[in-house]
1. For the condition in contact (Cβ under 8 Å) with a residue 40 or more places away in the chain, surrounded by fewer than 19 Cβ atoms within 10 Å (Cβ to Cβ), out of contact with any Pro (no Cβ under 6 Å at 6 or more places or on another chain) and within 30 Å of Pro489 (Cβ to Cβ), what is the one hit in Gly93, Gly38, Gly73?
2. Restrict the check to the stretch 457-464 and report whether at least one residue is surrounded by fewer than 24 Cβ atoms within 10 Å (Cβ to Cβ) and either modelled with pLDDT of 95 or more or part of a loop (DSSP other than H, G, I, E, B) (or both).
3. Could we say that Glu3 is within 22 Å of the chain's Cα centre (by Cα), at pLDDT below 95 and buried (at least 17 other Cβ atoms within 10 Å of the Cβ) here?
4. Please go through the stretch 235-268 and pick out each residue that is buried (at least 20 other Cβ atoms within 10 Å of the Cβ), more than 30 Å from Gln375 (Cα to Cα) and either among the polar types (S, T, N, Q) or in contact with a Gly (Cβ under 9 Å, 6 or more places away or on another chain) (or both).
5. Only one of (1) more than 21 Å from Arg143 (Cβ to Cβ); (2) in a loop (DSSP other than H, G, I, E, B); (3) of a type in the set (Ser, Thr, Tyr) is not met by Ser110, so which one is it?
6. From the list Asp228, Asp248, which residue is outside any loop (DSSP other than H, G, I, E, B) and either under 28 Å from Gly312 (Cα atoms) or in contact (Cβ under 8 Å) with a residue 12 or more places away in the chain (or both)?
7. Of all residues in the stretch 298-311, which are in contact (Cβ under 8 Å) with a residue 60 or more places away in the chain and either touching an Asp or Glu at 6+ places or on another chain (Cβ under 6 Å) or loosely packed, with under 15 Cβ neighbours inside 10 Å (or both)?
8. Surrounded by fewer than 17 Cβ atoms within 10 Å (Cβ to Cβ), under 26 Å from the mean Cα position of the chain (by Cα) and either at pLDDT 95 or above or under 22 Å from Arg486 (Cα atoms) (or both): which single residue out of Glu293, Glu282, Glu316 fits that description?
Amino acid sequence: MHEMTIQELQARMAAGTLTSRGLVEMYLARIAAIDRQGPTLNAIIEINPDALAIAAALDAERRQSGARGPLHGIPILLKDNIDTGDQMQTTAGSLALVGPPAPADAPLVSQLRQAGAVILGKTNLSEWANFRSSHSTSGWSSRGGQTRNPYALDRNPSGSSSGSAVAVTANLCAVAVGTETDGSITSPASVNGVVGIKPTVGLVSRRGIIPIAHSQDTAGPLARCVADAAILLGSLTAPDPGDPATLDRAGPVFQDYTPFLDRGGLAGARIGVARNFFGFNERVDRLLETCLEVLRHQGAEVVDPAPVLTAGQFEESEALVLLVEFKADLNAYLAQRGPTTPVQSLAEIIEFNERHAEQTMPFFGQDLLHRAQAQGPLTGHTYQQALAINQQMARDEGIDATLRTHRLDAIVAATCTLAWLTDPINGDHYQGSCTSPAAVAGYPHITVPAGLISGLPIGLSFFGGAYQEPTLIRLAYAFEQATLARRRPEIGDWSKIDEVCVVCPSAL
């Protein structure tokens, strides 16, 4: 079922020409063919042994009482830092957490099950969501090994939601859920040629997700087109009494974001160009100029330049906040997992890695874990000051100031650099990205395929103020439909998946 949208899959299941069980079987066959063998993408860390039975039960329910909604029978993959109270592990890619499964579903997983989704399995990731070493290789974990980029197998898939992005672009699932602290949804989405949405912090419950930092963490969708991402996002948003941020929302929240899918959504919009995120790659800049012409041609008023003036001024404060929150939040998460969890604290994780260094640290160490362990509590003055700086620089004097000064609906820039060569010895080779302002502010950010450069994808980012997901989805969808820029990676034998499928519009 390569490149088929959720809507198209639902139409075929409603017509009786496809079943959820049959769809799961086809995805499992493709996973076996190109993820486990052949090019060995290594995007999937674990298959749900109950997936076929769940799909069959949902098929029976459809025949008896109809579909629950747009996700009924749709196979979804989850990043391996999201709790599932089933037979699967939740480890953040770390051997230290291999053992008894999580005691319960994360709220977002419960919501997906209630919506009728089939949890197909877990995806690989950068271990501890890329918060273990300052010299890490994205897409590598001690439990899952190295995930590979389907567009060029020697190139990096970016992190930390690398497996989720690769699985979506290689058609190993319909859609996937990733998580982001700073760039971990949007960067792999860009590098792997898919749509990624990092929601406003508090739109999706953070409970039951192995954390980095509560002030920036959020789960969000990865999909091959904006429509599918919007459908998945609507099923993730719900208030959770166990996560205060979901109860203290300062903006509109929807359970259905599809009404904002407007092909003419760019007409009359004021969009600012964050020129301070240009210049890290000449060819990326040239592609971005063609994207700006598309925006103008579709009726948008492009305000150029409209920089986020504080970008780069909160790197030190962000780093400190992440270190302090990681220690506090991870220890709290481990306590919630219960006494059967193999490690009970960050200190025990560090000790585990040292005892099993050959398996856990063959390429890079754990300096970030050591630095986090050395931090004080959340009540500390230095942490509180750094958090205040983050909010002031990223929100008040950052994104909010840019939107207000130029009267903008959104800000655009290239999401990040092109995929670099995977280098386990020297680590990642980033050139640049625009992810930090929205990440540190806790504001929404969506990236959409903008084209290929030497066969490698690049994404165009739209970001804006808190709870402005409807606006960003409208703009991103209009851009996607005007460009149809996504190109699937030519990997694996597509004819074995489905020779008569309808192609997702954004793949043409």
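1. The match here is Gly38.
2. Looking for residues that are surrounded by fewer than 24 Cβ atoms within 10 Å (Cβ to Cβ) and either modelled with pLDDT of 95 or more or part of a loop (DSSP other than H, G, I, E, B) (or both), one finds none in the stretch 457-464, hence no.
3. yes
4. Matches in the stretch 235-268: Ser235, Leu236, Thr237, Tyr257, Leu266.
5. Going through (1) more than 21 Å from Arg143 (Cβ to Cβ); (2) in a loop (DSSP other than H, G, I, E, B); (3) of a type in the set (Ser, Thr, Tyr) one by one, Ser110 breaks only (2).
6. So the residue among Asp228, Asp248 that is outside any loop (DSSP other than H, G, I, E, B) and either under 28 Å from Gly312 (Cα atoms) or in contact (Cβ under 8 Å) with a residue 12 or more places away in the chain (or both) is Asp228.
7. The answer is Thr310, and nothing else.
8. The conditions single out Glu316.
The values are calculated or read from the model by the stated rules, or taken from the named source; none is laboratory data. Nothing here was measured: the structure is a model prediction, and the numbers come from that model. Note that we place each Cβ from the backbone using ideal geometry, even for glycine, and neighbour counts take in every protein chain shown.
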